[in-house]
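Participant: Before I ask anything, let me first share the structure, which is written out below as structure tokens.
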Amino acid sequence: MPEPPKLTDIRLKQQSRILELTFEDGSHYRLPCEYLRVLSPSAEVKGHGPGQEVLQVGKERVNIVAIEPVGTYAVTLRFDDGHDTGIYSWKYLYDLAVNRARYWQSYLDKLSEAGVARSPQPYDEWMNDG
């Protein structure tokens, strides 16, 4: 599997709660803070092994308050709900971006299976546009 392109620009749009990413191949993505929070690579969310994932609920209005570089390969995103663990590598961010529709639908399906209601957000419609 080839290495994904490197991240060249990252911009937080706090008012709309969107993180904009641009990669060296010219691709550009807009990812909601909620999406980044519920798919955090942290052990708190992913667990320590298969089947230990923790479904994140009530994160519709979460925002990023800080973006901190981790070397030259990643960032840590600090959220206003206190979550600040998990390293978002360029590879992980690219994966989240290109698989956005599939990962988002999987998250929505898990919420539905758990009987958890989610407040609709302005970005919901374009999140499922592959």
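Participant: Return the total of residues in the range 89-112 being in contact (Cβ under 8 Å) with a residue 60 or more places away in the chain, aromatic (F, W, Y) and out of contact with any helix residue (DSSP H, G or I) (no Cβ under 7 Å at 6 or more places or on another chain).
Facilitator: The qualifying residues number 2.
Participant: Among L7, L39, L55, L12, which is in contact with a strand residue (DSSP E or B) (Cβ under 7 Å, 6 or more places away or on another chain), modelled with pLDDT of 95 or more and not charged (D, E, K, R)?
Facilitator: Working: L7 fails: modelled with pLDDT of 95 or more; L39 fails: in contact with a strand residue (DSSP E or B) (Cβ under 7 Å, 6 or more places away or on another chain); L55 fails: in contact with a strand residue (DSSP E or B) (Cβ under 7 Å, 6 or more places away or on another chain).
After ruling out the rest, the residue left standing is L12.
Participant: Could you tell me how many of the residues in the range 84-113 are assigned to a loop (DSSP other than H, G, I, E, B) and either of a type in the set (A, V, I, L, M) or surrounded by fewer than 19 Cβ atoms within 10 Å (Cβ to Cβ) (or both)? Before you say what the answer is, go through the steps one by one.
Facilitator: Taking the range 84-113 as the starting set, the residues that turn out to be assigned to a loop (DSSP other than H, G, I, E, B) are 84-87, 99.
Filter once more, keeping what is either of a type in the set (A, V, I, L, M) or surrounded by fewer than 19 Cβ atoms within 10 Å (Cβ to Cβ) (or both): 84-85, 87, 99.
Total meeting the criteria: 4.
Participant: Let me ask another. Within the range 87-106, can you find the residues that are closer than 19 Å to R11 by Cα, over 11 Å from the mean Cα position of the chain (by Cα) and not hydroxyl-bearing (S, T, Y)? It would help to see each step written out before you state the result.
Facilitator: Taking the range 87-106 as the starting set, the residues that turn out to be closer than 19 Å to R11 by Cα are 87-98, 100.
So of that shortlist, the ones also over 11 Å from the mean Cα position of the chain (by Cα) come out as 87, 89-91, 98.
I87, W90, K91, V98 - these are the residues of the range 87-106 that are closer than 19 Å to R11 by Cα, over 11 Å from the mean Cα position of the chain (by Cα) and not hydroxyl-bearing (S, T, Y).
Participant: From the set of residues in the range 1-49 that are of a type outside the set (A, V, I, L, M), in contact with a His (Cβ under 8 Å, 6 or more places away or on another chain) and not in a loop (DSSP other than H, G, I, E, B), which is nearest to Y103 (Cα to Cα)?
Facilitator: Kept after step one, since they are of a type outside the set (A, V, I, L, M), are these residues of the range 1-49: 2-6, 8-9, 11, 13-17, 20, 22-30, 32-35, 37, 40-42, 44, 46-49.
The next check asks that each one be in contact with a His (Cβ under 8 Å, 6 or more places away or on another chain); those that pass are 20, 22, 37, 40, 42, 44.
Then drop every residue that is not not in a loop (DSSP other than H, G, I, E, B), which leaves 20, 22, 37, 44.
Details: E20: 18, T22: 20, R37: 13, E44: 18 Å.
In this case the residue turns out to be R37.
Participant: Are any residues in the range 14-26 surrounded by 14 or more Cβ atoms within 10 Å (Cβ to Cβ) and in contact with a Leu (Cβ under 9 Å, 6 or more places away or on another chain), and if so, which ones?
Facilitator: I18, L19, E20, L21, T22, F23, listed by residue number.
Participant: Would you please list the contacts, defined by Cβ atoms under 7 Å and residues six or more apart or on different chains, that run from a residue in the range 40-57 that is farther than 22 Å from L19 by Cα to a residue that is of a type outside the set (G, A, S) and part of a loop (DSSP other than H, G, I, E, B)?
Facilitator: Correct list of pairs: G47/E53; G47/V54.
Participant: Right, another one. Just to be sure, is V116 over 20 Å from H28 (Cβ atoms) and not in a helix (DSSP H, G or I)? Give the steps one after another, and end with the answer.
Facilitator: On the way: over 20 Å from H28 (Cβ atoms): yes; not in a helix (DSSP H, G or I): yes.
Yes, satisfied.
The values are calculated or read from the model by the stated rules, or taken from the named source; none is laboratory data. All values derive from a computational prediction rather than experimental measurement. Neighbour counts are summed over all protein chains in view; Cβ atoms, including those assigned to glycine, are modelled from backbone coordinates with ideal geometry.
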